[in-house]
1. Please state the charge dipole magnitude for the chain, taken about the Cα centre, from unit charges on C-beta atoms (+1 on K and R, -1 on D and E), reported in debye and rounded to the nearest 20.
2. Stretch Asp421-Thr66 to full length: gain in nm at 0.36 nm per residue minus the Cα-Cα span?
3. Could you work out how much longer the chain between Leu78 and Leu413 gets when fully extended? Use 0.36 nm per residue separation minus the Cα distance between them, nm to one decimal.
4. Between the stretch 10-51 and the stretch 305-346, how far is it from one alpha carbon centroid to the other, in angstrom?
5. Using +1 at the C-beta of Lys and Arg and -1 at the C-beta of Asp and Glu, which of Met75, Phe103, Phe88 has the Cα lying farthest in the positive direction of the dipole of the stretch 58-110?
6. So what is the relative contact order of the stretch 381-483, in percent, for Cα pairs below 8 Å that sit 6 or more residues apart?
7. Could you work out the pair-distance distribution P(r) of the stretch 302-414 from its alpha-carbon pairs, with 10 angstrom bin width and percents rounded to whole numbers?
8. For the stretch 94-107, what does the Karplus curve 6.51 cos²θ - 1.76 cosθ + 1.60, with θ = phi - 60°, yield as ³J(HN,Hα) per residue in whole Hz, taken in order and with x for Gly and Pro?
Amino acid sequence: MNFSMISKVLGMLMMIFSLTLLPPILVASIYNETTHQDFFLSFAIIFSIGMLMWLPFSRKTVVLRTRDGFLITVMFWLELGIVGALPFYLTDVINLSFTDAVFESMSGLTTTGATVLSGLDFLPKSILYYRQQLQWLGGIGIVVIAIAVMPMLGVGVVQLYRVGATGTTSDSKLTPRITETAKVLFILYICLTLACLTAYWAAGMTFFDALSHSFSTVAIGGFSTHDASMGFFENNPAIISICIVFMILSGLSFGLHYYAWIRQSLFHYLHNQEAKLYLTMLLAGAILVSLCLYFNGTYSQSESMYHGVFQFVSIMTTTGFVTDKFTSWPSFLPFFLIFFSFFGACAGSTGGGIKVGRLLIIAKQIMSHVYKLIHPNGVFPVKIKNRHVPHSISDGIWAFFGIYLAVFYFMLLLLMASGLDYASSWSAAAASLNNLGPGLGEVSEHYGNINAFAKWVLCFGMILGRLEIFTLLVLLTPMFWRK
């Protein structure tokens, strides 16, 4: 393990992150807020720590190995969640404890969207902007951004990219060079954000709200500048419709967006099995929720469609926006919605959850075994786009699925042991591991009232979900640390 090179990379990444504290200072100056002092102090502290980590090893050029990449990725998300909490902790207006500050920071960076804050409509604009910016950076992955602007990482960038780009695409390269791939992803992400910003602004949002919500929409984060979330704009159907469209787009693979862009064709979406399943599930689920709301007498016909479609799309894509208190909806609907967050968005998107692509392969393999029982001598290979799925991939997916459920239930037990009831524990564990945000019971409004132990458990779950579990768990194995 090359700890000197690891320290150099982490220091450089931390200094880059410190620069993201400068825009909130500008926002504070525009709105004549005193929080600019807190952001400047946070910037100075984070930059200084990064400098101290980078400077002693600045002239070393040793190539990073795969194990170094794993450690860098995990350590960076951990330290970023902690130092990113400084503005929340230092600002007297919100008066957060260290635990709450880290929870808010970690929730933003992992695009979870769970919050300990209330009274958002009255908070300083700089704090509101900073929360949204954290989600935007976490959506594309600060590591991918760093790769796009840091050729100093050299050949080791491949290892760093593969283990750090879980929010966008870590299985294949869109271009021959890793750095070019990262840049393409970054450009696509910016273009999607600008399009969302423009659409929100044109539909009637203020520029500040449009910018803030474009960050959290494209990142599939769910933070809002209002306590009512997107329900604040429920009298503007255009804004709600725009939000639905961009949540769906952000839940699709960025690889598909890339090919649609360079080939100027939408057929890639229609011919991709994962995308078709994703869109079919969204359509079927939205219709089912809308019908249940209508026949239960919760809303009128139009309102049922309005809230049902929006809420199902928001929850399944793991965005977490709300237009109404879905936790008070009748029958099984609240649990049904959160259950579908386990499916999540497509692989290669900014969404969380297990991912539709993995579940598609699991479903195909289950059917293959069923056919094998009917015809013992038959051969029924699992195929995606007429290509055989290797056993190594399907075995890896089953392993991921198994550890995902094991971690979920372990978190559930820990939360219940901390004193939370079953509904609150189940939904909070799902919301953190799936990077969703909203929960049921004690966490239906916000997470500010639960105990500190539960918050740290949920922070751990957020990181596990963002790094797709194995990236973090591999560090806990003795084999990883052997020479």
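1. 2240 debye
2. Once the chain is fully extended between Asp421 and Thr66, it gains 123.7 nm.
3. Details: separation 335, 0.36 × 335 = 120.60 nm, distance 2.34 nm.
Between Leu78 and Leu413, full extension yields an extra 118.3 nm.
4. If you average the Cα positions of each part, the centres end up 35 Å apart.
5. Farthest along the dipole direction, towards plus: Met75.
6. Relative CO of the stretch 381-483 lands at 21 percent.
7. 12, 33, 29, 19, 7, 0
8. 9, 6, 9, 6, 4, 4, 5, 5, 5, 4, 5, 5, 5, 5
Each value in this text was obtained by applying a stated rule to the coordinates, not by laboratory testing. This one's a predicted model, so the numbers in the text were calculated from it and none came from an experiment. Methodologically, a virtual Cβ is constructed for each residue, glycine included, from the backbone with ideal geometry; neighbour enumeration extends over all protein chains shown.
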